[in-house]
Amino acid sequence: MTGSGEKRWQVSEPEGGLWIPSRRGLVMGAAGVVAASTLAACGGNSPAPSGGTETSGGAGTPKQGGNFRLGVTGGGSKDMMDGQNIVTKPDQARLMTAFETLLVFDDNYQLQTDGLAESVEADNPTQYTIKIRDGIEFQNGKPFTADDVIYSLQRIGTQKNGLTGFAATATMDIKNLKKVDKHTVQLPLLTADSTVPQTLASYTFGMVPVGYEKFSGDASTQVGTGCYKLKSFTPGQESVHERNPNYWRGDGSPWFDTVTITDFNDSTAQLNALKGGQIDAMTDIPAGQVDASKASGIGVLNSQTGGWIPLCMAIDMPPFDDPKVRQAFRLIIDRKAILEQVGNGFGQIANDLYSPFDEGYNSDLPQREQDIEQAKSLLKQAGKEGLSVDLHTTNGASGMVPLASVFASQAKAAGVNVTVKNDPNYYGDSYLKLAFSVDFWGTRGYLNQVQQGSLPNSPYNETHWPPKSGSGSDFESLYKQALAETDSNKRIDIQHQMQKYEYDLGGYIIPYFNALIDGYASNVKGLTPSKGTLNLASFGHGFRTIWFA
């Protein structure tokens, strides 16, 4: 593997007590998702997570050839192809065909130096040095250099671009990135931020060439360092991607000649297409169809992740601008029944908090249980007896529609009438502007998840958290303190304060942490279960580690 080698990240204690962490210290401080002190170089070949999950790996040597046809849940006319931006799962899949990150997460959701950077080191609390691998080219033959790293980070960090990762660049001094040489970049920070390594491994921090812009009709503009080049794209329908013959790893990958990604808004049609041989793999087999799918000969990849499908209450929109209503709704839901009826038992009970793999996850807060009488009492105190509310959802991920339906049925016991609105254009102009909705999220560390969904400038803040005044209004201030805190125990204490606010006053109802359950044909090999954010083990690690038998 080109440029590989083992990277050991160890904590150092400099004289005078100045915080100059080595890489392990940084990673441990960032979100607590890394448990080992060694970052091995081959994340794509890392051991699969434990837990009895299945794999399509089997025996045999990868071979080239074939058109891999993937059916992805969701999508629509606003589908995009952008190396640094997504909304739906088809957006995720298309991004992963062509774009790669500086650092990567392996299947156990631990950081690895198996990306475009051979090292990312902290020089001091407010500066990192990024050294990229020599010899990597973009799909058009242009060398990947420090100039591209600078352009990529500045593109993400420019607010008017409206990209997914913008909030994560808030601590970065984007304007003063410095090119040391053609393979080295200095990344200065405005304030100390221990989550930088996790951020650089986030899949929406793909590296793009200088001058890059999102897809607007010309496939040739979608140039990354990844395995497949865009050939054609019809938003809301299908995209076709051709093998990059000059892929930099030099191990023979990628293996397919082409990858075809097709949107499916109906899970039954999606599953029938897999059974009928029209596609070779699919995201999001409905949990209730797992046994029948196995019986029909379909392979099932069951990955227990930190993903979650929340009911989202906008805390500044009626009726959820009253904390008593939010508290009542959290007591209406029967989490165990939801896990069985929606997740078919594939998952773990949650407690309205996210990021269960984070070392700062507060598991000491009392587990919420259904309490219909207390819910009724709270609604009466709020003057909301006999409340009626619309709940918006779509088939954007497995479980989103059934969760809405089951919750609506449970709410009747508290005298609440919930009308489910299943909208195929859910991720359109009304997204993030709804009082009550369902969404989906993947695995992240706690502070990285806060960046994405729980701050005023977060790109996907469905609940409009935090409050503008009163209890919880200092949430953003606590977040900034946690980012800068170098003592792990002190940072965890701050995170616990933040989580207590969300637990008491937040807008998320998180019933369980779901498994990502994907399907594949018997001739698809190389798939491994993953604790990570994306389906199909990050879509076969960028469609690189899967092949046809």
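The values are calculated or read from the model by the stated rules, or taken from the named source; none is laboratory data. All values reported here derive from a predicted model rather than from experimental measurement. Cβ placement follows ideal geometry from the backbone for every residue including glycine, while neighbour counts extend to all protein chains displayed. For accessibility, only protein heavy atoms count, side chains too; no ligands or nucleic acids. Shrake-Rupley method; radii C 1.70, N 1.55, O 1.52, S 1.80 Å.
Numbers below:
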{"quantity": "Under 10 Å, Cβ to Cβ, from T262 - net charge with Lys/Arg +1 and Asp/Glu -1", "calculated": "-1"}
{"quantity": "For Rg and Dmax of the Cα atoms in Å, calculated from these coordinates, the label among (i) 22.7, 67; (ii) 22.6, 72; (iii) 23.8, 81", "calculated": "(i)"}
{"quantity": "Charge tally in the Cβ shell below 12 Å around K336, where Lys, Arg are +1 and Asp, Glu are -1, K336 excluded", "calculated": "-1"}
{"quantity": "Estimated dipole of the chain in Debye, rounded to 20 [Cβ of Lys and Arg +1, of Asp and Glu -1, Cα centre]", "calculated": "500 debye"}
{"quantity": "Highest to lowest packing among 225-232, 379-386, scored as the average C-beta count within 10 Å", "calculated": "225-232, 379-386"}
{"quantity": "Pairwise label distance in nanometres, D251 with S409, each label 7 Å out on the Cα-Cβ vector", "calculated": "4.6 nm"}
{"quantity": "Charge sum, other residues only, whose C-beta stays under 14 Å from K468's C-beta, Lys/Arg counted +1 and Asp/Glu -1", "calculated": "-4"}
{"quantity": "Rounded to the nearest 10 Å², the accessible area of V240 at probe 1.4 Å", "calculated": "30 Å²"}
{"quantity": "Carbon plus sulfur fraction of accessible area for the range 421-534, probe 1.4 Å, in percent", "calculated": "46 percent"}
{"quantity": "Part-to-part distance (alpha-carbon centres) for the range 161-220 and the range 518-538, which is given in Å", "calculated": "28 Å"}
{"quantity": "Antiparallel %, DSSP beta bridges [both residues in the chain], to 5", "calculated": "75 percent"}
{"quantity": "The range 249-337 - accessible surface per residue (Å², probe 1.4 Å)", "calculated": "31 Å²"}
{"quantity": "Whole-percent carbon and sulfur share, accessible surface of the range 290-351, 1.4 Å", "calculated": "47 percent"}
{"quantity": "Point-charge dipole on Cβ atoms (K/R +1, D/E -1) for the range 248-295, about Cα centre, debye to 20", "calculated": "120 debye"}
